[in-house]
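Each reported figure results from applying straightforward, stated rules to the coordinates on display, with no laboratory input. Model, not experiment: these values are computed from the prediction. Here the Cβ is made from the backbone with ideal geometry for all residues, glycine too, and neighbour counts use every protein chain on show.
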């Protein structure tokens, strides 16, 4: 079979669906090739979306027209706000989702889009011609001619599962692995490496004693993810918290050296911040307990996910460890926990458009380039899809800066610095945290999403009217003045507020520490805030209250951009630049950073090397003059 | 980091003046090759850092240039981190110039000012603070200034600020853990206490620097007092000549008059000020302002008057005060009562002046010894400004935390402090750092 598409996406996980949907939204004839089985965007790890740093990605994908936020809302069975007591920039929404409904809703969204063809098959090779992508070979359906391919193979490439000493070849439990694809990528010159991740045993809900655990119910005021979607209408469920103990730890510590993670059986590197329970117990022996979240897998699912117990220890030890935990004494294990080792491609092989530098037309996104998490995968998939479509249309790549979005940080970290463990987003990775908030994701990104064609017109208009509503109230706050008359001051005093001395604006009042925004209406009859919805009011309050800090951050962003604005010509000959070591030259030659800022963030590029590069860029003629002098 | 710079630079390292020895330096990949062209019997592989006595000859015409000691260095074990050579000639400007010209004709390039240090920085042999220290050392005009510069060259200053940066980053890591892992039970750490410890030591360093700078530029001795107390008469007496106009009228002195004197080897800036208090003078406000400024900056304040200290005088925290009662030769003066430590003088007759002078000198000596007992870690105003900024940021972080403001705001302050220090050492590249490299080394002009 030979079929012509504009873009073909390999893999139907969180990266794959965003990539395919973005390309299709941008008018590309797109094929999404996936293995038959768990469905689109399934959740092999815990059934939850969002969290610190990750919510930022979800909202940004939503602002750019992606689907993860909408589908997560459709499948949400619990919402919570994390860091509620902390500042607005690190607050995050997290949803528990129904593991069966999420892929079902995703399937509806994907199949209802015109121009997107769902193909159930396995891609076994990328076909190249004259050094660039020409098509793919499918296991069942043969060759497909397509000039742009986005690989989002997740953990499937050469996947190997570990349960105790038992090793199973597979992408996940009950799923075959992808054979051949990583070999094909390596043959094209890409650097293929190995990582490890893991999952806990699954438990039968009816066998758990919830009375012995702490309940964490749904927060009805938490809101939801998407600005555009229908929201959330499913009934809500609680999570429960329990803890491991010395008895459970003893099961692991008794003979920890023989466990696959420590015996040398597992070679791939796992994430430090999402470690397996044996890793936590062995590395932090002074801690006498670790937290375990019992997450429901669905509204009516008989299964729960004990988050915090990821493991690859033998079945018998899993059983003993679980039963040592409070509330899990009689828990029935329905599936064993396991570790998975898989091939990933070194992300420094990619440009900021997520395209391979060695094989034009080849894009990679998601866990296959060394990340972890549905949200990271979705963000990368979206960007790969947009960029492949832009390239097909002969338009410039869409690259977000570190000062514009967490997505920009994600891509920049991966392609300029690479990974040494599966990469997860944190708010501490953001230099301009206060500016990159979840509440202003739409103000930051939707215009760009609309102009590349990933966000539809109606959604963009929705964002614009939201922005306008907020701006109108800000203007009103600035223009409404109050006099320090006796009545006003008595009113303020009654609400525990210091009296006014001078004429002031509503906006200045709102900036006061511990000032209840409701007082604007209750005391002064200012109804501006009442005209906004809760999320809009939140955005406005942050804008007003943190104005000083935001302005300061804006100045820092401008400073950051100055170095980012020093472009390095693509054809630059690094061997002509004095003062660079051979090692630095080779690194710059292979990665070809586009700006001095990018170069400065590359590993192994010293400040001195950046200075030498800067000297050359500012005054290349003098450097050539030196060479002539030398002759 | 080993680097291969394309060209080899040459420059005399000593001034072109008649002297015993004149030194020329070469740095770059061809240093040895170029040197060999003028040295007839240098061994095939000269031992690095060993002196060889050589006759130097111009290779084309064969004329003898000088007999000299030559030494070579192998990259990266040299000042610049490149292959280097040094030639110790007889100190004739003619000889030094001829050998330099010959080396340039043989493929060397005349170095730009500061280029050797520039290469050392670019090759990672020293950071910006050390390079600045080299410059300060060369330009040092006193043993104290040289000691200060040597601290920088030895990397002591860099070590101090890098250690400070490290401590701030540890505190940041605690804050990040709180922000990024709200659900993990992280053992609580007293962040405020950690910050306050840093603030305390930093504030001592800043204080010490201020002190040193005050004294380094000269001990400021300010004569102040009510109008017509005889301040200008005393001033003229102390400097030994008639510098200011004296008249028996209140408000004769308007500007602050200053004169540099050297007493017992200590530089002293003596200042005469306008009288404190209201006069009929139309310029009174400006006179008072100038006087107040001078008093605030005083290291030693000589208060001329009735021996009492006026309450509304605003002196700096470092100031030492000397009470002086003038006109001791007038009968009415002695009838009053004075504090025990007041010095009685007569500025017009010169009575008691030696006593006053020795009291001033005693204070000046103490201040001077205090300042140079241990040189401050912070050297130079630029470093001072950066560290002061860091100090302010740490204080703001503490203030935000103690007001229960979100932790992310204190992280902003601490992150900015880390960046400030990084830019000071040059470890963190920014446009500011690059422009400092430009300023320092005359690159690209």
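At a glance:
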| item | result |
| --- | --- |
| Value in Å of the Kirkwood radius, where the range A:300-412 supplies the Cα pairs that are averaged | 17.2 Å |
| Chain B - percent relative contact order, Cα under 8 Å, separation 6 or more | 13 percent |
| For the protein assembly as shown, radius of gyration divided by Kirkwood radius, i.e. Rg to Rh on alpha-carbons | 1.06 |
| Averaged over A:432-438, number of beta-carbon atoms from partner chains that fall within 10 Å | 2 |
| Kirkwood Rh and Cα Rg combined as Rg/Rh, the range A:377-437 | 1.00 |
| Taking A:210, A:374, B:368 and counting other C-beta atoms within 10 Å, the order from fewest to most | A:210, B:368, A:374 |
| Overall dimensions of chain A by Cα: Rg and Dmax, Å | 26.7, 87 |
| For A:601-614, mean number of other protein chain Cβ atoms within 10 Å | 6 |
| Bins of 20 Å from zero: percent of alpha-carbon pairs in chain B | 20, 34, 32, 14, 1 |
| The range A:234-301 - Rg over Rh from alpha carbon coordinates, Kirkwood radius | 1.08 |
| Percentage relative contact order, chain A, counting C-alpha pairs under 8 Å, at least six apart | 16 percent |
| Rg in Å to one decimal, and Dmax rounded to a whole Å, for the range B:1-76 via C-alpha atoms | 13.2, 40 |
| Likely footprinting exposure, A:435, A:249, fewest C-beta neighbours within 10 Å first | A:435, A:249 |
| Peptide B:424-433 - average C-beta neighbours from other chains (10 Å radius) | 5 |
| Debye log10 I(q)/I(0) at q = 0.10, 0.16 Å⁻¹ for the range B:126-249, Cα point scatterers | -0.63, -0.92 |
| Two-site label geometry, residue A:165 and residue A:300: point separation in nm, points 7 Å out along Cα→Cβ | 4.4 nm |
| Sum of -39500 (n - 2.57) over DSSP H runs of 4+, divided by residues of chain B (222 nm, nearest 500) | -14500 deg cm²/dmol |
| Neighbour-count order for A:286, B:363, B:60, fewest beta carbons within 10 angstrom listed first | A:286, B:60, B:363 |
| Rg and Dmax [Cα atoms of the range A:38-112; Å; Rg one decimal, Dmax integer] | 12.7, 41 |
